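Enquirer: Below is the structure I would like to discuss, written out as structure tokens.
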């Protein structure tokens, strides 16, 4: 993964030196990330030689684009975007069967920049949510959900998987609903505990916006499954819709 927290200050000084034409500073800056970029590429490419070629191309593009870097994000985040785009270009140019090749990309949070100390709780939560989602989603649903977590847009995923954006959005919607249903039934502490969920449930019942208000059947099934521990397997789709609505009021983005 591309580290950001402990390197940010040192990166900035090297970036400024490199932009002013200091080739040694540029070499030191890019060398910091060479091994991590190779690790990232190896997760998405089966062949080490291809991964090494990708790293070289990523570093070359970073070199060429450094003068345009404005520092709105950290250097590591900017470099990761180049790496992600280069990997996307690799799949398109090679015309690989991405449904097979994408397996290595789906370490849900490993490709994200290293969080600050304040963000490490989020990383732990994200990993647990990913584990639950993997257990209830189909492999294809989980694949697109994991790519969304990594910041891919539906149009990008559609191009990569040779699908349509509407199909991708539908799969993401189903995957989120399934994952949230699992969370509410088996891991409610991950989202603030029963009291927080109950409060969001009440808000969802009273919401004036019909898109996010629980219908009477949705409210009954959610209450039974989450607060009453009743199964009702025949109402699975109804329960998932309720989960999506309650999550809106819980301010939970998955």
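The values are calculated or read from the model by the stated rules, or taken from the named source; none is laboratory data. These numbers were taken from a predicted model, which means no experiment stands behind them. Backbone-built Cβ (ideal geometry, glycine too); neighbour counts: all protein chains shown.
Enquirer: How about region 71-87: which of its residues are under 15 Å from the mean Cα position of the chain (by Cα), in contact (Cβ under 8 Å) with a residue 24 or more places away in the chain and farther than 16 Å from residue 52 by Cα?
Expert: 77
Enquirer: Okay, moving on. Working carefully through the options 133, 118, find the one that is farther than 28 Å from residue 57 by Cβ and at pLDDT below 80.
Expert: Working: 133 fails: at pLDDT below 80.
Within the list 133, 118, the selection yields 118.
Enquirer: List the number of the failed condition for residue 224; all other conditions in (1) surrounded by 15 or more Cβ atoms within 10 Å (Cβ to Cβ); (2) in contact with a helix residue (DSSP H, G or I) (Cβ under 7 Å, 6 or more places away or on another chain) hold.
Expert: For residue 224, the failing item is (2).
Enquirer: Right, next: Residue check: is residue 146 at pLDDT below 85, part of a helix (DSSP H, G or I), over 26 Å from residue 223 (Cβ atoms) and outside the structural domain of residue 222 (by TED's automatic domain parsing)?
Expert: Values: at pLDDT below 85: yes; part of a helix (DSSP H, G or I): yes; over 26 Å from residue 223 (Cβ atoms): yes; outside the structural domain of residue 222 (by TED's automatic domain parsing): no.
Here the answer is no, as residue 146 does not meet what is asked.
Enquirer: Hey, among 168, 157, which residue is crowded, with 18+ Cβ neighbours inside 10 Å, farther than 24 Å from residue 242 by Cβ, without any contact (Cβ under 8 Å) to a residue 60 or more places away in the chain and assigned by TED's automatic domain parsing to the domain that holds residue 223?
Expert: Numbers: 168 fails: farther than 24 Å from residue 242 by Cβ.
Step by step, each of 168, 157 is checked, and only 157 is crowded, with 18+ Cβ neighbours inside 10 Å, farther than 24 Å from residue 242 by Cβ, without any contact (Cβ under 8 Å) to a residue 60 or more places away in the chain and assigned by TED's automatic domain parsing to the domain that holds residue 223.
Enquirer: Quick check on my filter: what residues within region 34-79 are out of contact with any helix residue (DSSP H, G or I) (no Cβ under 9 Å at 6 or more places or on another chain), modelled with pLDDT of 85 or more and closer than 19 Å to residue 22 by Cα?
Expert: 60, 64
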